[in-house]
Amino acid sequence: MKAMILNEYGAQAAFEQADLAAPEAKPGEVIVRVAATSINTVDTMIRQMGKDLPLSPELPAVLGMDFAGTIEAVGEGVSDYAPGDEVYGCAGGLADLQGALAELMPADARLIAHKPKSLTMREAAALPLVGITAFEGLQRAGVKAGQKVLVHGGTGGVGHVAVQLAKHFGATVYSTASGGKAFDIVKSYGATPIDYKAETVADYVEAHTSGAGFDVVFDTVGGANMINSFDAAALNGHVSSTVAMVELDLTTAHFKGLSMHVVFMLIPMLHNHQREAHGEILAELAKIVDQGGLKPLLDEQAFSFSEVGKAHDRLTSGQAIGKVVVEI
């Protein structure tokens, strides 16, 4: 099979086409003929940092975590899928798990689900990692109808899904954004955009919650912005974060009685821990998509299999709006 591989790590590491032996389905696995894969920030971090990240695979490496495709074969013990089924998931591209930048990919059947019927392969490939992350962050924060939810970074990969899901769950949703097209995207999801460059946290908390704060704050920005999330949260509120690698003062969180939820969705893949939860979330996301409650946002630029390096560059440039997808 053809694959795009890395023979070295580093900022200038190039993807090279190679012919690799086709994988065979082990017990509990399926073999997927990959149609598309999306690029996530963690993919670019692996490429650039290599073994400085403990989750990076050995070289030569086949990256690519997200995918959509068609079942080619099933292993012993797999009963929920059959050859020809269209599926999607996030199941490789780190540690000892082969990634999606190949014609064929082995995947643990617990980490996948049937593809949403209303999405193309390209659209479906954009959803797994960010969809699972957003769903888990909102679920752990106990989002429910009637709450006010603030999403920091509502046009980013995780953020745009979190905004839509929070709305689907019945919350009144607000999102920080940077004007123009980003504002239009947030509004299209039925949420209220907040210009974080023009408004202070105190300003928008007063304007939208009469000073009480948001019931749930989903922070996809992290770093120093975590303090903004604490400031924006209501008493006994919840803060979910996907970027919690930071040292900060928890005094505000203490005196507000906040609950903190750190979402690191790669845990099931890395540690073979409760992998079935990811398959269940993907199945639920597919239902929400097909009901019209969620649609992935795709960057306007499309990339072919041989252009994966350019796709990585597009994401790291900061110019992409929505998910960057590579078609195999």
>> Please compute the length gained on full extension between T70 and S306, using 0.36 nm multiplied by the number of residues separating them and subtracting their Cα-Cα distance.
In response: 82.9 nm
> Between their Cα atoms, which of K117/K144; K181/K310; K187/K310; K115/K287; K117/K167; K167/K187 are more than 19 Å away from each other?
Replying inline: K117/K144; K181/K310; K187/K310; K117/K167
> Ordered by packing density, taken as the mean number of other Cβ atoms within 10 Å over each peptide's residues, highest first, how do 10-18, 199-207 rank?
Replying inline: 199-207, 10-18
> Near A302, within a Cβ-to-Cβ distance under 11 Å, what is the net charge of the other residues, with Lys and Arg +1 and Asp and Glu -1?
Replying inline: -1
>> Whole-Hz ³J(HN,Hα) for each residue in region 142-149, computed from phi via Karplus 6.51 cos²θ - 1.76 cosθ + 1.60 with θ = phi - 60°, x for glycine and proline: what do you get?
In response: x, 4, 8, 4, x, 7, 9, 10
>> Less than 19 Å apart at the alpha-carbon level, and either on another chain or at least 8 residues along: which aspartates and glutamates does that give for K26?
In response: E72, E76, D80, D85, D96, E103, D108, E276
> Does anyone have the angle between helix 157-168 and the longest principal axis of the chain? Alpha-carbon axes, 0 to 90°, nearest 10?
Replying inline: 60
>> 7 Å from Cα along Cα→Cβ at both D203 and H114: what's the point-to-point distance in nm?
In response: 4.9
> Can you list the aspartates and glutamates whose alpha carbon sits under 12 Å from that of K295, skipping same-chain ones fewer than 8 residues off?
Replying inline: E123
> About the Cα centre of region 11-130, what is the dipole size in debye to 20, counting +1 per Lys and Arg Cβ and -1 per Asp and Glu Cβ, all else neutral?
Replying inline: 320
>> Could you give each residue of region 39-50 its phi-based ³J(HN,Hα) in whole Hz, using Karplus coefficients 6.51, -1.76, 1.60 with θ = phi - 60°, and x for Gly or Pro?
In response: 9, 10, 4, 5, 4, 5, 5, 4, 4, 7, 9, x
> For region 220-326, what class follows from the C-alpha gyration tensor (a ≥ b ≥ c being the square roots of its eigenvalues): rounded when a/c is under 1.5, otherwise prolate if a/b is larger than b/c, else oblate?
Replying inline: prolate
> Hey, which aspartates and glutamates would be in cross-link range of K51, C-alpha to C-alpha under 12 Å, not counting anything within fewer than 8 residues on its own chain?
Replying inline: E8
>> Sorting check: for 227-235, 148-156, 96-104, 20-28, which peptide has the highest mean count of neighbouring beta carbons within 10 Å, and how do the rest follow?
In response: 148-156, 96-104, 227-235, 20-28
>> I'd like to check one number: the per residue accessible area of region 42-121, probe 1.4 Å, reported in Å² as a whole number.
In response: 38
> Within the accessible area of the chain, what % is carbon and sulfur when the probe is 1.4 Å and the other protein chains stay in place?
Replying inline: 50
>> Between A18 and V262, how high is the FRET efficiency from 1/(1 + (r/R0)^6) when r is the Cβ-Cβ distance and R₀ = 25 Å? Nearest 0.05.
In response: 0.10
>> So, for region 248-305, what is the accessible surface per residue at a probe of 1.4 Å, expressed in square angstrom?
In response: 54
>> At a 10 angstrom cut-off on C-beta neighbours, averaged per residue, how do the peptides 167-180, 30-43, 125-138 rank from highest to lowest?
In response: 125-138, 30-43, 167-180
> Rounded, prolate or oblate: which one fits region 262-304, using the alpha carbon gyration tensor with axes a ≥ b ≥ c (rounded when a/c is under 1.5, else prolate when a/b beats b/c, else oblate)?
Replying inline: oblate
>> For region 186-240, what does the accessible surface come to per residue with a 1.4 Å probe? Please give it in Å².
In response: 43
>> Need one number: nm distance between label points at E284 and A224, each 7 Å from Cα along Cα→Cβ, rounded to one decimal.
In response: 3.6
> Based on the Cβ-Cβ distance from K187 to H273, what FRET efficiency comes out when R0 is 35 Å, to the nearest 0.05?
Replying inline: 0.35
>> Counting only other residues whose beta carbon sits under 15 Å from that of K187, what net charge do I get with K and R as +1, D and E as -1?
In response: +1
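The values are calculated or read from the model by the stated rules, or taken from the named source; none is laboratory data. These numbers come from a predicted model, not from an experiment. Note that we place each Cβ from the backbone using ideal geometry, even for glycine, and neighbour counts take in every protein chain shown. Just the protein is used for accessible areas: all its heavy atoms, side chains included, with ligands, DNA and RNA removed. Shrake-Rupley method; radii C 1.70, N 1.55, O 1.52, S 1.80 Å.
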